[in-house]
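Q: Structure incoming, see below.
Quick note: the coordinates plus some simple rules give every number you see, no bench work behind them. The structure presented is a predicted model; accordingly, all values stated were derived computationally and were not measured. Virtual Cβ from ideal backbone geometry, glycine too; neighbours counted across all protein chains shown.
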Amino acid sequence: MKTVSQLKSSKDCYSFNEQKRELVEAGKRNLTKLKPYWREFAYMKQHYVGSNFVTSPVKMPGFDYWETNRLDQVGRLTNDRVLFLTFDDWGSDESINKLLYVLKKHHVKATFFVLTENVDKNPNLLRAIAADGHEIASHSDSHVPLATSKKGAYHNLTAKETAAMRKDLAKSYQKLNKYVGDVQVGGKKALSLDFRPPTLEVSKKGLEAAFDVGFQYAVSGDVSTNDYEQTSFQKYLHDLKYGSGKDNNDYKVTNGSVIGHAHAGKRQVYRPGFGHYDSCLEKGGYSFARVDQYRAAYSRQRAKESN
């Protein structure tokens, strides 16, 4: 049994981070201050980790074919035998703690793209993720997409939509900073300036705004597990290895894959056998890393490809 004073002085007791970090703000102009435009585009090219699902002006409204062909259309961070487990949205104590247990058991560090709308209701859970050494990144506050979709067609954001999204992204980061902005594990900060576009949809104005307000990387990824709609672990495992078969462009897991999961989904069939999956990949010579450990090298490689 511990006294109240002992509990207050323990490492498990914390106070909210009162130091406001002005790294992400709705009024910032980090990208658009780069002139002329080719400098802006070069920055986006080197800091956008794309997706094989979003590859043309049809799905990237505002960008022309020349631009979309130069933006990343693969979604892998490296050619090394390293994989990046990523988890989107938010969840419950039960679902996330089970996931944290498996990740810790297999010594895996992952990246959590957090939808912050409900984080205020359970900041301890966010703190637990960070304290385990995982990267905390933004997935927006209220899942505002970077492109709008109407009747199957994608559209660039209007000025009003862009302004609302900028406020939403800044709100998301300020919440994350409040709860985990002071967390460091092994000399690594938990909170990063990485961002995952909701639904992975991207428009020119939306992507520009995400970088403009202060995020440094927009990360989609090459493998979607579709775990939120899986009903069988064997099917989930098959889809991870060989692609889901839902789309001809689905990629299988390979060097540098950024693997997406939705950790708030109701059908979390992967958890009972997730350790089995980790073990299979480890036996194949793969290791795991946080996205922020490889993003700088990714930018350097993208810059070389421009020369």
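Q: Report the calculated FRET efficiency for residue 158 and residue 58 (r = Cβ-Cβ distance, R0 = 22 Å), to the nearest 0.05.
A: 0.70
Q: Considering amide H positions built from the backbone, and no H for Pro or chain starts, which residues 5 or more places from residue 262, or on another chain, come under 5 Å of its amide H?
A: The answer is 88, 227, 228.
Q: Ranked by Cβ crowding within 10 angstrom, fewest neighbours first, how are 58, 74, 144, 180 ordered?
A: 58, 74, 144, 180
Q: First measure r as the distance between the Cβ atoms of residue 233 and residue 15, then evaluate 1/(1 + (r/R0)^6) with R0 = 35 Å and state the FRET efficiency to the nearest 0.05.
A: Once rounded, the FRET efficiency stands at 0.30.
Q: For residue 22 and residue 301 in the same chain, what is the full-extension length gain: residue separation times 0.36 nm, less their Cα-Cα distance, in nm?
A: Length difference between fully extended and current span is 97.5 nm.
Q: Among 64, 72, which comes first, second and so on when ranked by fewest other beta-carbon atoms within 10 Å?
A: The fewest-first ordering by Cβ neighbours comes to 64, 72.
Q: May I ask what percent, to the nearest 5, of DSSP beta bridges between residues of the range 34-306 are antiparallel?
A: Taking every DSSP beta bridge within the range 34-306, about 25 percent pair in antiparallel fashion.
Q: So the label point goes 7 Å from the Cα of residue 150 along Cα→C-beta, right? Which residues of the range 31-71 then have their backbone N under 20 Å from it?
A: 57-63
Q: Continuing with this model, one more query. In the range 34-306, with Lys and Arg counted as +1 and Asp and Glu as -1 at Cβ, which of these residues, 66, 253, 38, has the Cα nearest the positive end of the dipole, that is, farthest along it?
A: Selected residue: 38.
Q: Let me ask something else about it. For residue 94 and residue 287, what does the FRET efficiency come to when R0 = 35 Å and r is the distance between their Cβ atoms, rounded to the nearest 0.05?
A: Given R0 = 35 Å and the Cβ-Cβ separation, E is 0.75.
Q: Explain nothing, just compute: Karplus ³J(HN,Hα) = 6.51 cos²θ - 1.76 cosθ + 1.60, θ = phi - 60°, for every residue of the range 182-199 in order, whole Hz, x for Gly and Pro.
A: For the range 182-199, the Karplus curve yields 9, 7, 10, 10, x, x, 9, 5, 6, 7, 10, 9, 8, 8, 10, x, x, 6 Hz.
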